[in-house]
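Remarks on the structure that follows.
Read-outs throughout are calculated quantities, based only on the coordinates presented, and are distinct from any laboratory measurement. From a predicted model like this one, the values you see are computed outputs, not experimental measurements. Here the Cβ is made from the backbone with ideal geometry for all residues, glycine too, and neighbour counts use every protein chain on show.
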Amino acid sequence: MKTQYYTASSVDGFIATATDSLDWLFQLGDVKDTGYPEFIKDVGALAMGANTYQWMLRHVINVDPSKPAAWPYQQPTWVFSTRPQESVPGAEIHFVSGDVAPVHEQMVNAAKGSNIWLVGGGDLVGQFYDVGLLDEITVQVGSVTLGSGKPLLPRLIAFPPLILVSARAIGSGFAELKYIVPRTAD
């Protein structure tokens, strides 16, 4: 069981524009051609921040408000938010706030030996890193720069550095980099 951050980023290190747009990403290729289909098979629980959840509601669930789409994940999902959120009928979504450590324990129990996917954003993932609960980072670096936006992972991770375990090209639009997150010396 691993706690993993699996995401896409621009070359200059942003996962979304300042206005939470991902339009830059969808022009670069089909998700079915990436490592995502294999990755998601091993995921037993998900966590995301409120901005990521709101993006999902706007761009996946409520594209046509007269006919809302189903939640795309079968796995239980934890949404970290300090404000009330709209629920998605039929989805197992837990709305939480505060310290990530006790919620991580709930996620581990729900995942039943499968991996935990930290969907994003970067600051939420950083909170898991801060308490030693981030094991792996896989980032699909897209062949664009954004100049500004939502950072990939707004934390100093340098002592010790991440350990690169694989790198591969995915079409002409992505480089997939996989890192192990070493435990820091206390």
* Asked: Once fully extended, how much extra length lies between Thr145 and Ala101, figured as 0.36 nm per residue of separation less the alpha-carbon to alpha-carbon distance?
  -> 12.5 nm
* Asked: Stretch Gln27-Ala175 to full length: gain in nm at 0.36 nm per residue minus the Cα-Cα span?
  -> 51.8 nm
* Asked: Relative to the Cα centre, what is the charge dipole magnitude of the range 3-177, using +1 at the beta carbon of each Lys and Arg, -1 at the beta carbon of each Asp and Glu, and rounding to the nearest 20 debye?
  -> 140
* Asked: Taking the Cα centre of the range 82-186 as the origin, how large is its charge dipole in debye, to the nearest 20, when only Lys and Arg (+1) and Asp and Glu (-1) carry charge on their Cβ atoms?
  -> 300
* How many angstrom lie between the C-alpha centres of the range 1-47 and the range 110-186? -> 10
* Can you list the residues, at least 5 places off or on another chain, whose amide H is less than 5 Å from the amide H of His94, using H built in the peptide plane? -> Thr77, Trp78, Val79
* Structure fact -> Per the rule of 0.36 nm per residue minus the C-alpha distance, extending Glu92 to Ala69 adds in nm 6.8 nm
* Listing Arg155, Arg183 from the residue with the fewest other Cβ atoms within 10 Å to the one with the most, what is the order? -> Arg183, Arg155
* Top positive-direction residue, dipole computed over the chain with Cβ charges, set Val60, Pro84, Ser97 -> Val60
* Asked: What list of ³J(HN,Hα) couplings, whole Hz, do you get for the range 129-136 from phi and the Karplus terms 6.51, -1.76, 1.60, once you set θ to phi - 60° and write x for glycine and proline?
  -> 4, 4, 9, x, 10, 10, 9, 8
* To do: Return the sequence-ordered ³J(HN,Hα) values of the range 165-178 in whole Hz as given by the Karplus equation 6.51 cos²θ - 1.76 cosθ + 1.60 applied to θ = phi - 60°, using x for Gly and Pro.
  => 10, 6, 8, 8, 7, 10, x, 9, x, 9, 10, 9, 10, 10
* Asked: How would you classify the range 3-177 from its alpha-carbon gyration tensor, with a ≥ b ≥ c the square roots of the eigenvalues: rounded for a/c under 1.5, else prolate if a/b is greater than b/c, otherwise oblate?
  -> rounded
* Asked: For the range 4-13, what does the Karplus curve 6.51 cos²θ - 1.76 cosθ + 1.60, with θ = phi - 60°, yield as ³J(HN,Hα) per residue in whole Hz, taken in order and with x for Gly and Pro?
  -> 10, 9, 10, 7, 10, 9, 6, 4, 8, x
